[in-house]
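What follows is a short report on a single structure.
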Amino acid sequence: MAGTVALPLQEYIASLDQTSLPNILQVCSGVYFQGSVYELSGSEVCFSTGDLIKVIGVKLQSVSCEDVANNEKFELPINYTGVFKIVPEPMPYSSVKEMLIMRPVGLESSLPFTFTSSSKMTFGSLTLGAGKALTVVSIEQHEGEEDQICCLVKGQAQASAKVCIPLSSQGQFYECESEECYTLKEIVSSPTLRCRRFRLIKNANCKQTLILSPIYQIQAIMNLRKNVLVFPSSLEVDVVDVTDQCKDVDFMMPLSLTEIMSQPDESLPAAVEILEEPQNRSLFKSSWMQGLTKNTHLVLHKKRTTTLVVLSSLKGRKAQQYFLVSQQYGGRFRRQQREFNSVYELYVASTQAQGLMVSVTKNCEEVQDEGLPALSVGEKLEIVDCTRMELQGEGRKEQTQSVEALLCHRLQEPEDADDDDSDEEVKQKEEKDVVLMPLYMQGHFVEVLRDNKKHKLSDLSKDFSLPLDVKVVSRDTELETDPLVGFTCLRIEGVLLEPTIQASFPHKPDHCFELPVNWLLMSVCFTKEPLPWPEGQCPNCSTERLIEVSDTFFYEFRKQANTDEAPPPRPPKRDLSLLTSSSKTSSKASKKSSKPKKSKSVPADQFSTLTLNKKRTPAPPPPEDSQNEEPPPLVPRKHAEAEKKGKALPNTYIKMQDAQKKGPLCNVAADVDSDHDYETVDDSFICIKKSAQESVAF
């Protein structure tokens, strides 16, 4: 593009070849006067005469529509589905050739089109009157002859004649309205179409003439600003292209960590300055995160792909903690037993590792209707395979249900075999009992570990399925403080293969840390400052192997690692009508067979029998013993008037001397009409008391 021609920004961007970016523009004049500041999309934009703008990106945003009749403007999105027709130009063309050149699209693709002539035209023996419509159907080219257009002319009775007109024919030719329709994308992508006027096809009466202008979103940088500017191309400012004259001007280019990863390897190590500090600072709890502030300088050593292991502490009294640990961690781990609260969890764990063995930690009663086996605490089970089991249905039909189940072997405790036992008996003892547990069964199990080895972190993530419970048994000696040692149990949640940039602060260039590119949103720019070490003498760097992260990081990690796994199976549905009928019969049977339990305390419903105002119920007789001895009667505590209404309970603790005596006991009745709550002693009580004392003495 010409470097000295000033154009409106809208016109320049519309005609810009985006493959030539970046381009450098200089502000010339316009509404944006010297030193003016404007708020655009949340960022301040200041354009002054003479400012240099380096355009680094152009993106089509919308289309501006201007009504020719009243100069009203409105915008349409680029994905607008309406179609437009070209409005014929009111100005005539002076020749046929000019009319063909100004076609909106390629000549061959624009055929056929119709035009008229304001004057009479004569071609050989054929004369066409003024205003006669001619439809161009083809272009004829003959070697050594002038090119001609082949037109059809409609005459009387819809008859048509063919006419060939040379391109050099002069006159006043007017374009007729075409039936061809165009979309917004087709219009803005063609420079010729953008120069035409259009009519929106809404209905037959829509005669609104529009001028369509694309609006672009421009991304640019300025030589005095550190951030990327974003502004629309509709700003009323004139610019001139000075790309060739300003090739040596240095523009501060903001780069994200992702863009630095795409830079060539030779660009690092380098010194950079932080232009925008990390927006998601809350993801990390490391000490170096506090130093990543605006205008801080960093040294970027190299870029690489690092394997990071996600560890979490188990829930307890303290809050959970989460760590990103490099596989270069020098500590040693020992596996911990996993706990399972359902058979489905056992099934998932068995698919990840073969030969899983567990021990039962809670008794389970057998329920034949639901297929639940009986399990005792301490029993060891070996997971074999997932199969199906049949459940016997209830009711008259006795329908069976097939459910998924886990096939296990109940391992017997090893016993010392006698010398006299035969080989067949030993084999029978070694046989394992088969146990089928439906996947919906709830239970409590703990993993049985077969080894007690110390493992590296890199070996654990390769040799065992995750998640995995471990414990640090030996610390990393290269760390000043190893925070993983203090935990009784840690869980390896997963492994991340992350692109990272090794960085350090200039005052400690050998103490490096890893910047996870996909988890840190920050922008930096390269500076011309020298590296903080002698040229060619790169220091031996020690990289931080452990990063503490927040629970927000862990939740985001779980979201990314989450897959559409099927939920655990439900127990089979049971017939509610059968359940109600069976429950009624069982409740009736339980009422018949139930017996009251012995209790030392007096029930509340029987407490009223101890009062004087109500009648006492006689107690059952004592059980007969082997000597057929009758127990002595209870000491009556009621007065003589109570003999008419009730009997005293027999005393089962004192035996009478005369075992054969079976006379009636003295009756004591409660005085219903008495107003007192105390008892009177009569003569019968005295005689019984004497006989009881004599029996005890005997």
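The values are calculated or read from the model by the stated rules, or taken from the named source; none is laboratory data. Small disclaimer: the values here were computed from a predicted structure and weren't measured. Quick reminder, even Gly has a Cβ in these numbers, built from the backbone with ideal geometry, and neighbours come from all protein chains shown.
Any residue that is modelled with pLDDT of 85 or more, touching an Asp or Glu at 6+ places or on another chain (Cβ under 7 Å) and part of a strand (DSSP E or B) - is there at least one of those in the stretch 256-273? The answer is yes; a qualifying residue exists.
For the stretch 130-156, filtering for residues that are exposed (fewer than 14 other Cβ atoms within 10 Å of the Cβ) and touching a Pro at 6+ places or on another chain (Cβ under 6 Å) leaves 2. Give the stretch 274-312 a look and list any residue that's of a type in the set (D, E, K, R) and touching an Asp or Glu at 6+ places or on another chain (Cβ under 7 Å), or say none. If the condition is that a residue be of a type in the set (D, E, K, R) and touching an Asp or Glu at 6+ places or on another chain (Cβ under 7 Å), then LYS285, LYS294 are the ones that fit.
Taking the condition surrounded by fewer than 18 Cβ atoms within 10 Å (Cβ to Cβ) and within 26 Å of VAL358 (Cβ to Cβ), does LYS508 pass? So LYS508 does not fit the description; no. Checked against (1) surrounded by 14 or more Cβ atoms within 10 Å (Cβ to Cβ); (2) of a type outside the set (Val, Ile, Thr); (3) without any contact (Cβ under 8 Å) to a residue 60 or more places away in the chain, GLN172 meets all criteria but (3).
So, CYS181, is that one more than 30 Å from GLU75 (Cβ to Cβ), modelled with pLDDT of 80 or more and surrounded by 12 or more Cβ atoms within 10 Å (Cβ to Cβ) or not? Steps first, please.
Details: more than 30 Å from GLU75 (Cβ to Cβ): no; modelled with pLDDT of 80 or more: yes; surrounded by 12 or more Cβ atoms within 10 Å (Cβ to Cβ): yes.
In short, no.
If you go through the stretch 121-151 and keep only what is in contact with a Leu (Cβ under 8 Å, 6 or more places away or on another chain) and either outside the structural domain of SER168 (by TED's automatic domain parsing) or within 13 Å of LYS162 (Cα to Cα) (or both), you end up with LEU128, LEU134, THR135, VAL136, VAL137, SER138, ILE139, GLN148, ILE149, CYS151. When each of GLN502, GLN442 is tested for being polar (S, T, N, Q), crowded, with 16+ Cβ neighbours inside 10 Å and over 17 Å from LEU311 (Cβ atoms), the lone residue that passes is GLN502.
Go through the stretch 274-286 and give me each residue that's under 18 Å from THR527 (Cβ atoms) and either part of a helix (DSSP H, G or I) or touching a strand residue (DSSP E or B) at 6+ places or on another chain (Cβ under 8 Å) (or both). Working first, answer last.
Pass one, the stretch 274-286, residues under 18 Å from THR527 (Cβ atoms): 274-277.
ILE274, LEU275, GLU276 - these are the residues of the stretch 274-286 that are under 18 Å from THR527 (Cβ atoms) and either part of a helix (DSSP H, G or I) or touching a strand residue (DSSP E or B) at 6+ places or on another chain (Cβ under 8 Å) (or both).
For the stretch 300-397, which strands (runs of 3 or more DSSP E) that fit wholly inside it have 2 or more residues that are surrounded by fewer than 16 Cβ atoms within 10 Å (Cβ to Cβ)? Even if it seems obvious, please write down each step before you answer.
On the way: elements: 322-326, 332-335, 339-342, 357-360, 380-392.
Of the strands (runs of 3 or more DSSP E) lying wholly inside the stretch 300-397, those with at least 2 residues that are surrounded by fewer than 16 Cβ atoms within 10 Å (Cβ to Cβ) span 339-342, 380-392.
Answer yes or no: is there a residue in the stretch 410-419 that is within 44 Å of the chain's Cα centre (by Cα), modelled with pLDDT of 85 or more and crowded, with 17+ Cβ neighbours inside 10 Å.
no
Applying the selection to the stretch 76-98, what residues are within 20 Å of GLU179 (Cβ to Cβ) and exposed (fewer than 13 other Cβ atoms within 10 Å of the Cβ)? Across the stretch 76-98, the qualifying residues are THR81, GLY82, PRO90. For the condition in contact (Cβ under 8 Å) with a residue 24 or more places away in the chain, over 17 Å from ILE274 (Cα atoms) and of a type in the set (S, T, N, Q), THR543 qualifies. Considering the conditions (1) within 28 Å of VAL237 (Cα to Cα); (2) of a type outside the set (Phe, Trp, Tyr); (3) touching a strand residue (DSSP E or B) at 6+ places or on another chain (Cβ under 7 Å), ASN79 is excluded by exactly one of them, (3). Checking every residue in the stretch 434-446 against the condition of being farther than 22 Å from GLN352 by Cβ and touching a Cys at 6+ places or on another chain (Cβ under 9 Å) gives at least one match. Look at ALA161 and say whether it is of a type in the set (A, V, I, L, M) and in a loop (DSSP other than H, G, I, E, B). So ALA161 fails the test. Of SER190, SER160, SER169, all but one fail to be assigned by TED's automatic domain parsing to the domain that holds SER117 and within 20 Å of MET102 (Cα to Cα); the exception is SER169.
Would you mind stating whether LEU268 is in contact (Cβ under 8 Å) with a residue 12 or more places away in the chain, buried (at least 16 other Cβ atoms within 10 Å of the Cβ) and over 29 Å from the mean Cα position of the chain (by Cα)?
Values: in contact (Cβ under 8 Å) with a residue 12 or more places away in the chain: yes; buried (at least 16 other Cβ atoms within 10 Å of the Cβ): yes; over 29 Å from the mean Cα position of the chain (by Cα): yes.
Taking the combined requirement at face value, the residue satisfies it.
Apart from one condition, ASP67 fits all of (1) modelled with pLDDT of 85 or more; (2) crowded, with 16+ Cβ neighbours inside 10 Å; the exception is (2).
Only one residue in MET252, MET289 is in a loop (DSSP other than H, G, I, E, B) and at negative phi. Which one?
On the way: MET289 fails: in a loop (DSSP other than H, G, I, E, B).
Going through MET252, MET289 in turn, the sole match is MET252.
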